[in-house]
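What follows draws every value from the coordinates through simple rules; no lab data is involved. Please read all numbers here as calculations on a predicted model, not as lab measurements. As a convention, Cβ positions derive from the backbone with ideal geometry for all residues, glycine included, and neighbour counts pool all protein chains shown.
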Amino acid sequence: MSTPHRLILSLAGILISGSVLAVQPPEPPQPPAAPAPASKQIHVFNSADEGYALVDSSKDSVTTTGSGIDGVQIKHLKETLKGQFLWFRDQGKAYLLQDPALLARINAAWQPTQELGQQMSTLGKQMGAQGKSMGALGKQMGAQGRNQSAAARSESEQMQALGRQQGEVGRQLGQASRRQALASSDSERAEADREVAQLQAKMESLQARMEQHGDRLAALTDRDDTAMQALSRQMKENSKPMDALGKQMGALGQQQAKAAREADKATRAIIAEALRSGKARPV
């Protein structure tokens, strides 16, 4: 299973398992801040080749890849130049490209990655809406749990504790996956990959324990709580769309990685053309 898919399923597990608590569950966390508009995003594609940065001085939009990026020089150019430009390094020398036709071709090369990013954003909103629905069911199950036996309440309390642990691991996973996406070197990417893998393994262990307690709780409630059974069935049905959305998100992540590789290849071909034609000037 791919890293993006495993990550989505692990995070989905928090929503699913954390909401089956049989006593008052904790209030759901505040939704994450909405992602910044496309013009504010920084797109990073890691490569062992010499680096380049596609910059628009009127926006905070930067596409950067490769090594040897001179952030200070790029910031200075962004403050002094108007419009869009491409800064790149070739054989250790820095160059500037401002030719509109060549820049248009570079923008077109990266357009598929932006479109896929929008699709992933849309899926994320759908997953958020599905999570709210599951959270509402979790509250109903919590209300039912107040009338359960002491044994059932004990199982629920342990699930609450596991849910809090999953929430913390999920937060750490979000931070680690961001570092993974923004890694600018092979060593940083390898370190981030290891951290993500360790956190995913921890999440899977917590999820397994959550499922064990859930099974015991279901056995207890099966004796005398038909309402809880009905809610459990609803929760199970609600988990199916979340799983499907997670698979779609993973597939889009793979497509986006492929599109980024193709865009990088096209950009480097245009850089070579600019050098041959003299449309790129040293800086």
In a shell of Cβ-Cβ distance under 14 Å around residue 158, excluding residue 158 itself, what net charge do Lys and Arg (+1) and Asp and Glu (-1) give? 0
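Give me the net charge of residue 98's neighbourhood, meaning all other residues with Cβ under 14 Å from the Cβ of residue 98; Lys, Arg count +1, Asp, Glu -1.
+3
Please state the shape class of the stretch 100-143: rounded when a/c is under 1.5, otherwise prolate if a/b exceeds b/c and oblate if not, all from the C-alpha gyration tensor.
Since a/c reaches 1.5 and a/b is larger than b/c, the shape of the stretch 100-143 is classed as prolate.
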Shape call for the stretch 153-283, from the Cα gyration tensor axes a ≥ b ≥ c (a/c under 1.5 means rounded, otherwise prolate when a/b beats b/c, else oblate), comes out prolate
With a sphere of radius 14 Å drawn around the Cβ of residue 240, what net charge do the other residues whose Cβ falls strictly inside it have (Lys, Arg +1; Asp, Glu -1)? +1
Length gained when the stretch residue 198-residue 139 is fully extended (0.36 nm per residue, less Cα-Cα span): 18.1 nm
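Sort 76, 213 so the one with the fewest other Cβ atoms within 10 Å of its own Cβ comes first.
Least to most surrounded, the residues fall as 76, 213.
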Residue order, fewest to most surrounding Cβ atoms within 10 angstrom, among 55, 72: 72, 55
For the stretch 93-140 and the stretch 256-279, write down the distance between their C-alpha centroids in whole Å. 21
